[in-house]
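The values are calculated or read from the model by the stated rules, or taken from the named source; none is laboratory data. Just so it is clear, the structure is predicted and the values come from calculations on it, not from any experiment. Every residue, glycine among them, receives a Cβ derived from its backbone with ideal geometry; neighbour counts consider all protein chains shown. Just the protein is used for accessible areas: all its heavy atoms, side chains included, with ligands, DNA and RNA removed. Shrake-Rupley method; radii C 1.70, N 1.55, O 1.52, S 1.80 Å.
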Amino acid sequence: MSKDIQQLTGVQKAAILFITLGPEAASGIIKKLPEPEIQKITYEIANISSVKSDQKKEILTEFIQINKAKDYLIEGGIEYAKSLLSKALGNQRAMEILDKVTEATQKFRPFAIARKADAHQLLNIISDEHPQTIALILCYLQPDKAGQILSALPENIQAEVAYRIATMRNTSHMVVKEIEKVLDGKLSSVVKSDMKIIGGVSTIVDILNQVDRNTEKNITEGLEKEDAELAEKVKDSMFVFEDIITLDDVSIQRVLREVDTKELALALKGCSEEVADCIFRNQSKRASAALKEDIEFLGPVRLMDVEKSQQKIVNIIRRLDESGEIVLSRGGEDAIVV
């Protein structure tokens, strides 16, 4: 594998893979990914101006190799996969591929829901199962959680379950999936009956967005005294960088006077066209042209750096709002400049 490819992150490789596969095939894959991953990949795609043919070939080849490795692992385990891959790719490359597959599959281990569940809930659900089934489930849990459950099982089956764990070897993938499916169904019904998700940061943000300025200030100041970290999360969620389009032009111009040009260029890198246009139209033609040049000159940048710059600008907006120099629209109020 070339040094250029080795230096790429997993997200960058995924972006190039989707470009290589084309819109139709890529869209079918990307929509199945978690939302944060979709955002990272689409950001990288937007910032890739061209891809060399040899890069496309190498990344596509690696993608095929990784998928073959996954199939081999499912069919016959790690040694079987290592044997087949070594014959085809050599020992070193085979181990590189297997390391990547192992790292990725750790996130999708069987019984993921059970691993997150409360030990007491799990005990109530599996205590009447066959010892072999209990043993299989415990093999996939965290050792401390498995230990809690084993200790709480009836004494007459503790030793039997322990024996089955100790002597367990390869288990059919289909059997594991079937037991996991049944257990997930039971856990889902327990969770749904035991709790209902209410409240949280998103709920208080929705409420605060509908109250007047004085009420909001009183509540956020009270939160700061109670829990400064929570108060910061609430504030961050109440106004995000993309919300700048909700400000009137005079307010945006006031904000821009406080923002460093380099910081603004980085914040606008990869943002929506609507947000960028909102900024450009509130600048002079000369300043707007210079900013566009700065953005283009930046080239590829890390998403983390973009988000930091955007948050700095959001902090400026919040400060101006708190000082009364601009007023964010809330609770039916219109944004005004004092």
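A few remarks follow.
- Other residues within the sphere of radius under 15 Å centred on the Cβ of ASP144, judged by their own Cβ, net out at +2 (K and R +1, D and E -1).
- Per residue, the stretch 240-337 exposes an accessible area of 57 Å² to a 1.4 Å probe, with every protein chain left in place.
- Extension gain, ARG115 to VAL250: 0.36 nm times the residue separation minus the Cα-Cα distance gives 43.3 nm.
- P(r) tail fraction, the stretch 240-337 - alpha-carbon pairs more than 23 Å apart, %: 21
- Computed E for GLN92/GLU242 - FRET, C-beta separation, R0 45 angstrom, nearest 0.05: 0.45
- Square roots of 5 times each gyration tensor eigenvalue, C-alpha, the chain, largest first, Å: 48, 33, 14
- Among GLN142, GLN65, GLN311: highest mean-square fluctuation, GNM of the chain, C-alpha pairs under 10 Å: GLN142
- Subset of LYS68/LYS100; LYS100/LYS177; LYS262/LYS292; LYS56/LYS269; LYS285/LYS308; LYS13/LYS233 violating a 21 Å alpha-carbon distance limit: LYS100/LYS177; LYS56/LYS269; LYS285/LYS308; LYS13/LYS233
- Rounded to the nearest whole Hz, the Karplus-based 3J(HN,Hα) values (6.51 cos²θ - 1.76 cosθ + 1.60, θ = phi - 60°) of the stretch 222-235 follow the sequence x, 5, 4, 5, 7, 7, 4, 5, 5, 4, 5, 4, 5, 4, with x at glycine and proline.
- Theoretical ellipticity at 222 nm over the chain - DSSP helices of four or more residues, -39500 (n - 2.57) apiece, nearest 500: -22500 deg cm²/dmol
- Relative packing of peptides 39-45, 52-58 - highest average C-beta neighbours within 10 Å first: 39-45, 52-58
- Residue among PHE63, PRO110, SER284 farthest towards the positive dipole end of the chain, charges placed on Cβ: PHE63
- Projected label distance in nm at ALA25 and ASP99, using a 7 Å step from Cα toward the beta-carbon: 2.8
- Rounded FRET efficiency, nearest 0.05, which uses the C-beta distance separating ALA166 from GLU293 and R0 of 51 Å: 0.15
- Structure remark: mean-square fluctuation, Gaussian network model of the chain, C-alpha springs under 10 Å; the largest value among MET168, MET95, MET238 belongs to MET168.
- Counting 0.36 nm for each residue step from ASN315 to ALA46 and taking away their Cα separation leaves a gain of 94.2 nm.
- Multiplying the residue separation of ARG302 and SER284 by 0.36 nm and removing their Cα-Cα distance gives an extension gain of 3.6 nm.
- Percentage of interatomic Cα-Cα distances in the stretch 5-72 larger than 14 Å: 60
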